[in-house]
Structures are given as C-alpha cells and as structure tokens.
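*Asks:* Please find one structure pasted underneath; my questions will follow.
Just so it is clear, none of the values below were taken in a lab; they were calculated from the coordinates. Since the model is a prediction, treat every value here as computed from it, not as a measurement. Glycine also receives a Cβ, built like all others from the backbone with ideal geometry; neighbour counts cover every protein chain displayed.
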Amino acid sequence: MNKAELVNEIAKVTGQTKLDVHNSVAALLHHLTATMAKGERVTLVGFGTFERRNRQARMGVNPQNPNEKLKIAAAKVPVFRAGQELKQVVDGKAKIPALPKSVEGSSKPKKAAAPKAGSKAKPTKKAAPKAKAKAKPAAKPKAKAKKRR
C-alpha cells in the first residue's frame with residue numbers, strides 16, 4: 001500500500017474528504033520526521049516507537065571488488081520498533097481491534113437539536129438558495145470570407 005491508497009482507505013472509513021485526510025497524513029509524517037530529527041522518540045501505544053539512533057563508523061567491503069576495504073562514516077538513522085499489539089496482529093495471534101465508533105463516519109453532519117417545547121427560541125431562517133452561474137454568451141458566428149474572382 002502506498003500513501004495515496006492509504007489516504008483513499010482512511011477517507012472511505014472516516015467519511016472525510018481525500019484532501020483533509022491527505023493533509024492529516026502529511027502533517028503526521030512531517031511531525032514524526034521533525035521530532036526524530038531533534039533526537040526525540042515518538043511512541044504510539046500498541047503500534048510502535050519511532051526513534052533516531054547513532055550508527056558508529058565502521059569498515060566495509062566493496063561488493064564489486066571484495067579485496068577493497070571502504071570506510072563507512074558514522075550516521076544518525078531512523079529506527080522503528082513494533083509494539084506488542086502490532087506484533088501479535090501481524091503474527092496472527094490476535095485480531096485487529098475494531099475502529100472506535102467516533103472514527104467511523106465521524107464527519108457526517110449531525111442533526112440539529114430540536115427546540116424544547118415551550119421555549120421561545122426564534123425559528124432560524126433557511127439560507128437563500130445559491131444563485132445559478134450565469135451562462136456564457138453564445139459565440140458569435142464568424143463572418144464569411146469573401147469569394148475571390
């Protein structure tokens with residue numbers, strides 16, 4: 001599954017627009033990246049932990065020429081450790097937990113509360129219907145070319 005497919009699936013489940021979901025996923029990834037770049041750890045309980053680790057400099061071997069040694073520089077690398085719940089679901093030992101009801105169809109418009117009997121609330125006016133877009137004027141016919149004799 002790629003990012004676009006993930007956005008489509010989340011949009012289906014939540015009822016949000018693809019643009020809203022795309023922006024949410026982009027913000028999540030941006031903040032995960034920024035937090036790890038600062039050296040902090042991000043833990044999503046049940047899913048896993050994202051963190052930055054320091055990899056020491058070491059000697060390696062050139063795969064094209066096994067006799068040649070290469071010096072590999074030290075680096076800071078991102079690491080993900082899966083949480084216990086994720087490990088069990090992937091291994092088939094546990095079922096995927098159901099989504100909370102607040103997630104499924106969360107963006108569906110809610111019905112307005114009915115006014116209480118005996119209340120003196122003024123009835124709200126309905127919004128005026130939107131004006132129809134003006135039709136474009138018809139294109140003028142081109143003048144006929146004069147015949148040459």
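*Asks:* Once amide H atoms are built 1.01 Å from N in the peptide plane, which residues 5 or more positions from G15, or in another chain, come under 5 Å H to H?
*Replies:* Placed amide hydrogens put G105 under 5 Å from G15.
*Asks:* Right, another one. Per residue of the range 3-14, what does 6.51 cos²θ - 1.76 cosθ + 1.60 with θ = phi - 60° give for ³J(HN,Hα)? Whole Hz please, x for Gly and Pro, Karplus curve as stated.
*Replies:* 4, 5, 5, 4, 4, 4, 5, 5, 4, 5, 5, 8
*Asks:* Also, quick follow-up: N62 versus L86, label points 7 Å from Cα toward the beta carbon: distance in nm?
*Replies:* Taking the simple label geometry, N62 and L86 are separated by 3.8 nm.
*Asks:* I need the calculated FRET efficiency for the pair K93 and L28, taking r as the beta carbon distance and R₀ as 35 Å, to the nearest 0.05.
*Replies:* 0.80
*Asks:* Could you list, in their original order, any pairs among K38/K93; K3/K76; K38/K87; K3/K95; K3/K69 whose Cα atoms are separated by more than 32 Å?
*Replies:* As for pairs spanning more than 32 Å Cα to Cα, those are K38/K93; K3/K69.
*Asks:* While we're on this one: Taking θ = phi - 60°, what integer Hz values does the Karplus form 6.51 cos²θ - 1.76 cosθ + 1.60 yield along the range 27-39, in sequence order, with x for Gly and Pro?
*Replies:* 5, 4, 5, 4, 6, 4, 5, 5, 5, 5, 4, 7, x
*Asks:* Now for a separate question. Assuming a ≥ b ≥ c are the square roots of the Cα gyration tensor eigenvalues, decide whether the range 40-93 counts as rounded (a/c under 1.5), prolate (otherwise, with a/b larger than b/c) or oblate.
*Replies:* Cα axes put the range 40-93 in the oblate bin.
*Asks:* Starting at the first residue of the range 68-73, write each ³J(HN,Hα) from the Karplus equation 6.51 cos²θ - 1.76 cosθ + 1.60 with θ = phi - 60°, in whole Hz, x for Gly and Pro.
*Replies:* After applying 6.51 cos²θ - 1.76 cosθ + 1.60, I find 8, 9, 10, 9, 9, 6 Hz.
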